[in-house]
1. Peptide B:99-107: average number of partner chain Cβ atoms within 10 Å per residue?
2. How about A:Lys41: which lysines have a C-alpha closer than 16 Å to its C-alpha, ignoring those fewer than 8 places off in the same chain?
3. Between B:Ala70, A:Asn57, A:Ser39, whose Cα lies farthest towards the positive end of the dipole of the protein assembly as shown when Lys and Arg beta carbons carry +1 and Asp and Glu beta carbons carry -1, centred on the Cα centre?
4. Could you tell me how far the Cα centroid of the range B:7-37 sits from the Cα centroid of the range A:33-64, in Å?
5. Counting partner chain Cβ atoms within 10 Å of every residue's Cβ in A:33-42, what's the average?
6. What distance in nm lies between label points placed 7 Å from Cα along the C-beta direction at A:Val113 and A:Lys67?
7. For chain B, set up a Gaussian network in which alpha carbons nearer than 10 Å are linked by springs, and say which option among B:Val102, B:Val87, B:Val54 fluctuates the most.
8. Other chains' Cβ within 10 Å of B:36-45 residues: what's the mean?
Amino acid sequence: DTAVSQTPKYLVTQMGNDKSIKCEQNLGHDTMYWYKQDSKKFLKIMFSYNNKELIINETVPNRFSPKSPDKAHLNLHINSLELGDSAVYFCASSAGRVNTEAFFGQGTRLTVV
Amino acid sequence: GENVEQHPSTLSVQEGDSAVIKCTYSDSASNYFPWYKQELGKRPQLIIDIRSNVGEKKDQRIAVTLNKTAKHFSLHITETQPEDSAVYFCAASTMQGAQKLVFGQGTRLTINP
């Protein structure tokens, strides 16, 4: 049973397109995140949701819009894709408003051409 | 905000030797320090963590030490094995309504047989 699953695993698209990445967790966690890992492997938080409420919103272009329909799902929609958006995007979840282990999805490798 | 510096960026050791990775953090409010291992093409996975009320923690061949005064923490891997080859990330966590993990830049560890 996959704890945090995200789809698709690979996404190749042209500049200017709009795309979405979906994430689901079956751990019963309250908090979900999106992280971006660039070509140098640097992991940076983008957004954090707790019980469908946006808690953390880092300095991310507003072309990126997260949506959490319920606490088990957190999707990421990206408008007007740019070359610099190419990266691996990881969804993660953790138990709640405490410091504890974050469980990561398998990642979505986005390539913008 | 929190800033985490990690060194070295690459580390190569002979199988059976020890490996040490060091991190420093800037925010004295950080109170949770996990270490993640990321194998090639895989998701980051927690290998050990430590909280600010503890100075050292050990799990078989892996240990982590924390010096709150100096704001640095280290990962120690003893009796290294080829399967220890991976990228290792340290992180520091604060609570800002939700857990916010700030990662170091990563260390690519290579174990030479």
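Every number here is computed from the coordinates shown, using simple stated rules; none is lab data. In this text the structure is predicted, and so the values were computed from the model without any measurement. Quick reminder, even Gly has a Cβ in these numbers, built from the backbone with ideal geometry, and neighbours come from all protein chains shown.
1. Across B:99-107, the average partner-chain Cβ count within 10 Å equals 6.
2. A:Lys41 reaches B:Lys37, B:Lys42.
3. A:Asn57
4. 23
5. Numbers: counts 4, 0, 3, 0, 5, 0, 0, 3, 9, 5.
Average per residue, whole number: 3.
6. With each label point 7 Å from Cα toward Cβ, the separation is 2.8 nm.
7. B:Val54
8. The per-residue average across the peptide is 4.
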